[in-house]
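Some notes on the structure that comes next.
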Amino acid sequence: DIFAGMDFTLRGEGRKIQHCEYFHLAKGRDLGFNAVLGFFSKLSNGTGEQILTRQMLRLSQLLQLPESLTFYYAHAGYYITQYLVSESMPILVFTWLLVVCADCNSHWTAFYETDCKTPAAEAMGHVLSTWFSAVIFFFLVVTSLPLFAEIWMERSFKTALGRWLAQLFTCSFLLFIFQAKIIGYYIMAEIKQGGASYVATGRGLPTERRAFVGTPAYISFRLSIFLRNMDMPRLNAHGHLKQAVVAHICNAIVTASGGRALRAEDMAVSIQDSGKVVVDISLNKAEGTSGVKVKLGSCYIGDEVARQLVAIPGIREVCTGAVTATGILEKAQAGWAIDSVGGLYLDYTQHTYYHGMELLFYITLVLYAGGYVEAGHYQSTLPYTLVSIGLVIFAWLYAPFIFNPYQFSAGYLMDDFKAWYGLFFTNGGRNWRDWYQRVVIKPKRGLGSAVFDFDFICMFFAVTAWISQLYRKQAVNETLYSEELFIRHLTTLTLIPPFALSTLYCILMPTVEKLVGCTRRHASRKTRALRYLRPRAQDSPAPDEVESSSDESGSSGDLESAAAPGQGPGESGRPIAEDAPAHGPTPDSCERGVPLALSAVIVVSLEIFESLIPVALCIHLVDHKLLITGIIVKYKFWQIVLFLLESAISMQNCCERVDRVVPCLREVAELLVHANHMARDIFVSFFIGLSLSPWVFMTALNDFCCPTWSIHQALIYRQKVSLAKKRDFDDSDEDTELGSDSSVSEVSSVEGAPPMTSGPPVPTGTMEPPPGGSVTVLQAPAAGAGARAIFVGTR
């Protein structure tokens, strides 16, 4: 912000900035996991934008070496270092696997030109033993020493030690590992693609649970409404009055829920003699029901019911005193569809989950190839390396879920599973496809930019290194089994990308769908120029005056920010991946064609078959290294081809011109890309969800043994001092909105009613409102006086 303001002012031409600062607006509160990462994503985008400016270039040219190094350290150096640190572990594991697989086959040492006496795993173990040792635990302590020393100087040694232990036992290192990955991702995305913009990062307390992939669509609800001080036998005797009460209760529920998804015809109301009203709601459509659940579970249902009952003529005939209404949502049954798309998995899919699974895949192959068993006497030092790699994998895959409140509560498990099923397997996979188009495809800059992308260059050199290893091993095979008939053809097949059978399927399937009359609609997308120009044209201020605000709480909570990582920024860091409502079921099943999930399974199965069969046929003796080398070559080819196809289908105008020449080519490319990436998302999300399921059992066991204390909630650490200060502030404030039980505000008055007393007593009994709720009281009228409604707020 400071850099942009100085640059804006120094450009002259009468430009000025009006700066507004806000105080005492809950700044400095405890932030949730998503809010912290949203703030760092904004800083990383801004730093990447600074690196690309002319001012940064001129300063780097003019400053001397000491000042230049200081300038680098104080500005872009931290963010670039975070990227290098986050990329160091994948590069290490990749190199480890490459060296181990380049080792000689013990059966054919005479056919290699190199010395095969020392195993490659032992040589790599010697290198790793110099880098990783027990000193790693010292580094974990040293990185916390500045915090420890500062608290020691300001407070006391006991306070500093307690704070340090709290940071350690609440798994703060997982946050910092994940944070380094997020910072590196965003700064490199900004340098490569640009598009930095203002990101509103809220400062909400971390008390709300973020779903896994979205919110399921609910098909039925059961709502209990408790009416007090109403004579139910007398109400049942007045049939017309009972019907009016039922109708007004239904209208109140429709009004409180927003009046969109619910109708009075969908409700079955049952009034019991005890004053309990049971409302069973069955929905014909499952769109927008996640918001309905939130509203039905709020305290405003009782308020709205009481307000509606006030308006019924003759209601005083069945009232015995002040009537209160309290609503409790007892049950909400979810269906196998998704209502809104957006959750922790979709938020960080491109940031960490793909890379975490790839790192886990590589280290598994290292162990399978003998990287640990064949290390010789260096096996004793390799566990330190494996611990470091394991921490990175665990943080990249599970850190958002570890710090998600109520993540492992058993009540949410089935909802997450139904939403996961609805995302991938309902409506032909349309909900996932729209998310993929919005988050992954839109930020792409076309095929020309992809060829010169840093990631593509790294993939090219990686596949070149593995091809050389595979060619070297296959040359030995050809020498040994030169008399076999198809040995040369099999060797050639191992060096070809595994897309022949899957491409044939993608060509035949759209053709068959068209022959039987099924259609597959393309996702309509605006051009990039219009997409960026329209918001700027509407929201851009006058050139001579710009208003800026340092209050960054653009939303009420860390889950409501459109561009925060909690809602999944895309590759360019722009707010393009906010939670989106899911699509309803398509009326005609033939319109969707073959479900995308089925195509994903078929396409990936064909590619796995095409990758493994040529390599397996070339192996005559057990050779794990040759098999792994062939698998890695095929995998790298798979990455490169899909990376280029993604960039190609992102060019909207080019694809439209290609459709005129070759109508089926675009459909084939999109089906191939969508099927592969959907299969990857299904596997990665299922793996993460399955591995998190034991924690649900442990949390349930913890709740059973100790209901008042949760181990998981203890990881979301808060200081008790701030709560005490907040409590003291609330007690000293006499004009607080949520005051004591005696705070009363008048809603409506009837002429001739008795004067309002300060804080009428809330009726007591077995049906009191829940703590923190609010009730609407219909005050019992005096003899010959009218009635009036008053609102009582309770703590």
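The values are calculated or read from the model by the stated rules, or taken from the named source; none is laboratory data. Here the structure is a predicted model, which means the values were calculated and not measured. Here the Cβ is made from the backbone with ideal geometry for all residues, glycine too, and neighbour counts use every protein chain on show. What goes into the accessible areas is simple: the full protein's heavy atoms, side chains included, and nothing from ligands, DNA or RNA. Shrake-Rupley method; radii C 1.70, N 1.55, O 1.52, S 1.80 Å.
Return yes or no: is Tyr354 in contact (Cβ under 8 Å) with a residue 24 or more places away in the chain, touching a Pro at 6+ places or on another chain (Cβ under 7 Å) and closer than 30 Å to Thr215 by Cα?
On the way: in contact (Cβ under 8 Å) with a residue 24 or more places away in the chain: yes; touching a Pro at 6+ places or on another chain (Cβ under 7 Å): no; closer than 30 Å to Thr215 by Cα: yes.
When the stated conditions are applied, Tyr354 does not pass them.
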| Identify, please: which residue in region 347-379 is open to solvent by 10 Å² or more (accessible area, probe 1.4 Å) and aliphatic (A, V, I, L, M) and is, among those, nearest to Lys418 (Cα to Cα)? | Met357
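Only residues that are surrounded by 12 or more Cβ atoms within 10 Å (Cβ to Cβ) and either in contact with a Cys (Cβ under 9 Å, 6 or more places away or on another chain) or without any contact (Cβ under 8 Å) to a residue 60 or more places away in the chain (or both): list them for region 458-467, please. Reasoning before the result, please.
Taking region 458-467 first, the residues surrounded by 12 or more Cβ atoms within 10 Å (Cβ to Cβ) are 458-460, 462-463, 465-467.
Once the filter is applied, which keeps residues that are surrounded by 12 or more Cβ atoms within 10 Å (Cβ to Cβ) and either in contact with a Cys (Cβ under 9 Å, 6 or more places away or on another chain) or without any contact (Cβ under 8 Å) to a residue 60 or more places away in the chain (or both), region 458-467 yields Cys458, Trp466.
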| Regarding Ala123, is this residue hydrophobic (A, V, I, L, M, F, W, C) and either open to solvent by 60 Å² or more (accessible area, probe 1.4 Å) or over 16 Å from Gly370 (Cα atoms) (or both)? | no
| task | Would you please list the contacts, defined by Cβ atoms under 7 Å and residues six or more apart or on different chains, that run from a residue in region 311-328 that is on the phi > 0 side of the Ramachandran plot and in contact (Cβ under 8 Å) with a residue 40 or more places away in the chain to a residue that is assigned to a helix (DSSP H, G or I) and not small (Gly, Ala, Ser)? | result | Gly314/Leu241
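With respect to Phe212, determine if the residue is within 30 Å of Phe408 (Cβ to Cβ), outside any strand (DSSP E or B) and either open to solvent by less than 40 Å² (accessible area, probe 1.4 Å) or touching a strand residue (DSSP E or B) at 6+ places or on another chain (Cβ under 9 Å) (or both). So that I can check it myself, show each step before the final result.
Working: within 30 Å of Phe408 (Cβ to Cβ): yes; outside any strand (DSSP E or B): yes; either open to solvent by less than 40 Å² (accessible area, probe 1.4 Å) or touching a strand residue (DSSP E or B) at 6+ places or on another chain (Cβ under 9 Å) (or both): yes.
Here the answer is yes, as Phe212 does meet what is asked.
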| Could you give every pair whose Cβ atoms fall below 9 Å, whose first residue belongs to region 153-164 and is assigned to a helix (DSSP H, G or I), and whose second residue is open to solvent by 100 Å² or more (accessible area, probe 1.4 Å) and of a type outside the set (A, V, I, L, M, F, W, C), counting only separations of at least 6 or pairs across chains? | Ala160/Glu154; Arg163/Arg155
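Would you mention how many residues in region 421-461 are part of a helix (DSSP H, G or I), among the basic types (Lys, Arg) and over 16 Å from the mean Cα position of the chain (by Cα)? Walk me through how you get there before you give the answer.
Going residue by residue through region 421-461, those that are part of a helix (DSSP H, G or I) are 421-425, 427-441, 447-451, 454-461.
Still in the running and among the basic types (Lys, Arg): 430, 433, 438.
Adding the requirement that they be over 16 Å from the mean Cα position of the chain (by Cα) leaves 430, 433.
The number of residues fulfilling the criteria is 2.
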| request: Could you list, in sequence order, all residues of region 248-264 that are more than 23 Å from Leu235 (Cβ to Cβ) and either surrounded by fewer than 22 Cβ atoms within 10 Å (Cβ to Cβ) or without any contact (Cβ under 8 Å) to a residue 24 or more places away in the chain (or both)? | output: Gly258, Gly259, Arg260, Arg263
| message | Six or more apart or on different chains, Cβ atoms under 9 Å: show the pairs whose first residue is in region 684-711 and at pLDDT 90 or above and whose second is open to solvent by less than 50 Å² (accessible area, probe 1.4 Å) and among the acidic types (Asp, Glu). | response | Gly689/Asp416
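Could you say which residue among Leu470, Leu504 is touching a Ser or Thr at 6+ places or on another chain (Cβ under 6 Å) and assigned to a helix (DSSP H, G or I)?
Details: Leu504 fails: touching a Ser or Thr at 6+ places or on another chain (Cβ under 6 Å).
Just one listed residue meets the conditions, Leu470.
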| task | Could you list, in sequence order, all residues of region 143-186 that are open to solvent by 50 Å² or more (accessible area, probe 1.4 Å) and under 16 Å from Gly38 (Cα atoms)? | result | Phe176
| note | Exactly one of Gly422, Gly428 is touching a Lys or Arg at 6+ places or on another chain (Cβ under 6 Å) and crowded, with 19+ Cβ neighbours inside 10 Å, and that one is Gly428
| Pick from region 299-319, criterion open to solvent by 10 Å² or more (accessible area, probe 1.4 Å) and touching a Lys or Arg at 6+ places or on another chain (Cβ under 9 Å), ranking: modelled with the highest pLDDT | Glu317
| request: Filter region 216-237 for residues that are open to solvent by 40 Å² or more (accessible area, probe 1.4 Å) and in a helix (DSSP H, G or I) and give the result. | output: Pro233, Arg234, Asn236, Ala237
| query | Quick check: is even one residue across region 473-482 buried (at least 17 other Cβ atoms within 10 Å of the Cβ), part of a helix (DSSP H, G or I) and of a type in the set (D, E, K, R)? | reply | yes
| task | Residues being open to solvent by less than 40 Å² (accessible area, probe 1.4 Å) and more than 30 Å from the chain's Cα centre (by Cα): count how many of those fall in region 638-656. | result | 1
| remark: For region 115-135, pairs from a residue that is farther than 11 Å from Thr385 by Cα to a residue that is exposed (fewer than 13 other Cβ atoms within 10 Å of the Cβ), with Cβ under 6 Å and 6 or more apart or across chains, are Cys116/Thr109
| query | Could you say whether any residue in region 442-457 is within 30 Å of Arg210 (Cβ to Cβ) and open to solvent by less than 10 Å² (accessible area, probe 1.4 Å)? | reply | yes
| note | For region 622-637 the number of residues that are of a type outside the set (Val, Ile, Thr), open to solvent by less than 40 Å² (accessible area, probe 1.4 Å) and either more than 24 Å from Tyr471 (Cα to Cα) or at pLDDT 90 or above (or both) is 3
| remark: Checked Gln82, Gln61 against criteria (loosely packed, with under 13 Cβ neighbours inside 10 Å, modelled with pLDDT of 75 or more, at negative phi and in a helix (DSSP H, G or I)); the one match is Gln61
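When the residues of region 328-343 are filtered to those that are in contact with a helix residue (DSSP H, G or I) (Cβ under 8 Å, 6 or more places away or on another chain) and either at pLDDT below 80 or β-branched (Val, Ile, Thr) (or both), which remaining residue is nearest to Gly422 (Cα to Cα)? If you could, list the steps in order and put the result at the bottom.
To start, the set of residues in region 328-343 that are in contact with a helix residue (DSSP H, G or I) (Cβ under 8 Å, 6 or more places away or on another chain) comprises 329, 332, 334-343.
Next cut, either at pLDDT below 80 or β-branched (Val, Ile, Thr) (or both) only: 332, 334-335, 338, 341.
Working: Ala332: 17, Ala334: 11, Gly335: 9, Ile338: 5, Val341: 10 Å.
Only one residue tops the list, namely Ile338.
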| task | Please go through region 268-287 and pick out each residue that is open to solvent by less than 40 Å² (accessible area, probe 1.4 Å) and modelled with pLDDT under 75. | result | Leu283, Ala286
| said: For region 351-385, give me each residue that is at pLDDT below 90 and of a type in the set (Val, Ile, Thr). | reply: Val373, Thr381
| query | For region 689-699, how many residues are in contact with a helix residue (DSSP H, G or I) (Cβ under 9 Å, 6 or more places away or on another chain) and open to solvent by 50 Å² or more (accessible area, probe 1.4 Å)? | reply | 3
